[in-house]
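Undergrad: I am attaching a structure below and will ask some questions about it afterwards.
The values are calculated or read from the model by the stated rules, or taken from the named source; none is laboratory data. This is a predicted model, so every value here is computed, not measured. A quick note on method: Cβ atoms are made from the backbone with ideal geometry, for glycine too, and the neighbour counts reach across all protein chains shown.
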Amino acid sequence: MINNNGKQHCVIGMIGLGVMGRNLLLNMADHGFQVAGYDRDKAKVESLNTESEKKKVYAASTIDEFINLLQKPRAIMLLVPAGKPVDAVIEELLPHLQAGDLIIDAGNSHFTDTDMRAERLEKVGIQFLGVGISGGEEGARHGPSIMPGGPKIAYEKVRPILEAVAASVNGDPCVTYLGRSSVGHYVKMVHNGIEYGLMQLIAETYDVMKRGLGLSNNQLYRMYDSWNNSELNSYLLEITRDIFNKVDEKTNEPLIDKIKGVAEQNGTGMWTSQSAMELQVPVPTIDIAVSMRDMSVLVTEREQADNLYQRSIPLISVDHTVFLKQLEDALFTAMIIVYAQGMALLRVASEKYTYDLDLEAVARIWRGGCIIRAKLLEDICAAFRLNNNLPNLLLDPKLSQKIMTQQEGLRQVVRLTSVVGIPIPALMATLGYFDAYRSAWQPANLIQAQRDYFGSHTYERIDAAGTFHTEWKKDVRI
């Protein structure tokens, strides 16, 4: 519907009427807000018109019509692909905007792009928010987790809308002002990195149970259902359970067995790994999750290697009841550790980029709506509530007790799967990270000696202050 009177009454506009944009706009309308939508694709405009009957939603087919639907100062949200499309939309908008108007980028933009856009728009008096949104299609329609960053005054303009449409846990909306500049998009990036890690860990338990124990899809359904009713309860386990109960309409066989084993990615996991390396924060579970998606694409090479290194994978010779409990413990331990890696990265990034992040608030808004929501986040909230300067969740007394109780399951799963040759690189990397983090002594003294030997890079001593260099070739004892 186009406002024939040209009355400027919509409190917010949405550019990008794909799945996320359309559903979020309808969510806003459900909560009583008059909203406007615009997309260059006329079919998407018509689709919104059809779906928004009897709602306070106005769909525009031109940018001029769209702008005229918005009350001043204008608030415009973008849900378009990251990168050049965002800049293109901003360029299209600028001639129509005035000082005091607000642009909200709610896509998966790289945080450095968000900083540059904010700086540029500030010079012409346009406010800019970088907002991470998680929850997929269902979340956008019925309540996502929302991660906003930018000027506090700009956030306050749209706070009532965002709080209304966000998911809610125990009466608390899963949205809060996170801080200055690009913090919203940085937090969303790390959220996605954790998501990569969790998905890879769950996929590995699937492989272990399918090839290692020979479980059927019905048995896998029951196992994931059982786990989801335990302390492992999470959205990702819930949907994993459901996947094993889905029948393919075309073949009347389990759909999971018809899906090609190639995993795509949108780049946010890779960005998390890159940022972690720049900030010197180890996140090996996330790193290997990204690498395994890359590995999945190498279909022809993997088939050739499979023929070259012929080695059958036998069933693991274990008591199923005992081993499945160990696998459950392994997954829970690994889940804690991948959250710990992500939160450690957020802490260091907060210091580096002066975000002044409240990590308890981050964990709190992740409890509902988002893809990585899990029962475990209640314990993570409690950990940061007790000590918001906690450098790593592995140092929290309560979580450390859980790991101490259940780490043996992770060790046994790694041991037994390595014998038969089932690849579980994320579980292995997680155990390696844990053992390295809990080890007061590291063999890095040898690495530093090697560096000094071939490059005169010097080293420090444990018994004297300062830096030292040795002529290693002199007086070597044979």
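Undergrad: Looking at region 35-71 only, could you name the residues that are within 30 Å of the chain's Cα centre (by Cα), within 20 Å of residue 157 (Cα to Cα) and of a type outside the set (Val, Ile, Thr)?
TA: Across region 35-71, the qualifying residues are 36, 37.
Undergrad: Another one. How do the helices (runs of 4 or more DSSP H) wholly within region 337-433 filter down when requiring 2 or more residues that are touching a Cys at 6+ places or on another chain (Cβ under 7 Å) and of a type in the set (A, V, I, L, M): which remain?
TA: Filter on region 337-433 gives 359-365.
Undergrad: Out of 92, 51, 46, 65, which single residue is more than 22 Å from residue 132 (Cβ to Cβ), among the charged types (D, E, K, R), without any contact (Cβ under 8 Å) to a residue 24 or more places away in the chain and in the same structural domain as residue 118 (by TED's automatic domain parsing)?
TA: 46
Undergrad: So, one more: As an exercise: evaluate residue 82 against (1) buried (at least 19 other Cβ atoms within 10 Å of the Cβ); (2) outside any helix (DSSP H, G or I); (3) under 28 Å from the mean Cα position of the chain (by Cα) and give the number of the one condition it does not meet.
TA: Of (1) buried (at least 19 other Cβ atoms within 10 Å of the Cβ); (2) outside any helix (DSSP H, G or I); (3) under 28 Å from the mean Cα position of the chain (by Cα), only one is false for residue 82: (1).
Undergrad: Restricting to region 295-319, what's the tally of residues that are outside any loop (DSSP other than H, G, I, E, B) and touching a residue at least 24 places away in the same chain (Cβ under 8 Å)?
TA: 3
Undergrad: From the set of residues in region 277-320 that are among the polar types (S, T, N, Q) and under 19 Å from residue 197 (Cα atoms), which is surrounded by the fewest Cβ atoms within 10 Å (Cβ to Cβ)?
TA: 280
Undergrad: Further question on the same structure: Pairs only if they're at least six apart or on different chains, beta carbon under 8 angstrom, first in region 244-270 and among the aromatic types (Phe, Trp, Tyr), second not in a loop (DSSP other than H, G, I, E, B); list them, first residue then second.
TA: Correct list of pairs: 244/217; 244/218; 244/220; 244/221; 244/224; 244/254; 244/256.
Undergrad: Can I ask one more? Given the criteria part of a loop (DSSP other than H, G, I, E, B) and either free of Cβ contacts under 8 Å to residues at least 40 places away in the same chain or among the hydroxyl-bearing types (Ser, Thr, Tyr) (or both), does residue 465 qualify?
TA: Yes.
Undergrad: Output the residues belonging to region 275-329 that are of a type in the set (Val, Ile, Thr) and closer than 30 Å to residue 349 by Cβ.
TA: Those that are of a type in the set (Val, Ile, Thr) and closer than 30 Å to residue 349 by Cβ: 281, 283, 285, 286, 288, 290, 297.
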